[in-house]
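J.: Have a look at this one.
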Amino acid sequence: MYSKYRILRLIGQGQFGRVFCAAHCETGELVALKELDRQQFPTKLFLRELHFLVTLQHPNIVSCRGLEYDRTGRYLVMDYCPGGTLRDLMESQERLDLSQILKLITDVLLGLEYAHSHRVVHCDLKPENILLESQDEGWLARISDFGIARFVEEVGRTITNQGNTGSPAYMSPERFYGCHSYVSDIYSVGVILFELLVGQRPFSGVPGELMSAHLNQVVIIPDTVPLVLRSTISTALQKLPQRRFASAREMLKSIQIATKSLSEKLPSLFQLSDRYPHPYHGLTSKSYK
């Protein structure tokens, strides 16, 4: 037992520690306890993440409730999202239609816009760091894990023990050289959108191969992706930061335009019968022209 909370089960494990589902001993309220390894995640970085989470209070960002300590460790007490991660959803048998995909990306961009307005660059956006809650109208996506986030003022500076950590499959080209900016996060959202629509990431391989691909290879977007969304993905995944969307708000507007256009022209695509991860299987590119 950790102070006021009773551990129920392990729900996640990452580079810096474990995450448990726990219940408040008096109220029974479920929370997530994020344990951070002292060796992998020293106190200075632990307090950085706590600061980010306390500062960023938004429906599309996982909130921090406080801290818990015991003899063996320290824990962030966070909102519990019973829907699991976006990765869990992508690997499940649940059907995702186009409207749900665009809703999830909209949620991520809304949370990202808020974080950026508070000068915070996430630096590690990926499906594993997007948590889900079920609502009447579908899934609500919430950004989590600000463990390697940075303030925009820190761009170009090295943070002790932080280095260039991140997830190579979702990292922008400049991230491989230790550069961080708002549009680095935009690139990661572009990779996630590509994966949701296509069923796989634009590049694969070991870290070295991924680095080379993100730096040098042209992203090929299948014709099965609607033309209006191909334009959005292409802009988000530009190699040069200055050629991407200038902000999360700008990419969000592109998603909103695509949503409106597709719902009017191809309403059937918002009620797909095919199972994720290939929602456009069997349709031709001519359908989207």
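J.: Figure the gain on full extension for residue 227 and residue 246 (residue separation times 0.36 nm, minus the Cα-Cα span) and round it to one decimal in nm.
T.: My answer for the length gained is 4.7 nm.
J.: For a 25 Å ceiling on Cα separation, which of these pairs sit above it: 34/253; 4/126; 239/265; 34/239; 126/253; 103/265?
T.: 34/253; 4/126; 239/265; 34/239
J.: Taking amide H positions as placed 1.01 Å from N in the peptide plane, with prolines and chain starts having none, which residues 5 or more places from residue 74, or on another chain, fall under 5 Å of its amide H?
T.: Here 36 satisfy the definition.
J.: Give, to the nearest whole percent, the P(r) tail of segment 86-279 beyond 21 angstrom, counting all Cα pairs.
T.: That fraction is 49 percent.
J.: Ranked by Cβ crowding within 10 angstrom, fewest neighbours first, how are 107, 70, 185 ordered?
T.: Listed from fewest to most nearby Cβ atoms, that is 70, 107, 185.
J.: How long are the three semi-axes of the equivalent ellipsoid for segment 181-245, computed from the Cα gyration tensor as the root of 5 times each eigenvalue, in whole Å, largest first?
T.: Calculated on Cα positions only, the semi-axes equal 17, 16, 10 Å.
Read-outs: derived from the displayed coordinates by stated rules, not from any lab. Small disclaimer: the values here were computed from a predicted structure and weren't measured. Methodologically, a virtual Cβ is constructed for each residue, glycine included, from the backbone with ideal geometry; neighbour enumeration extends over all protein chains shown.
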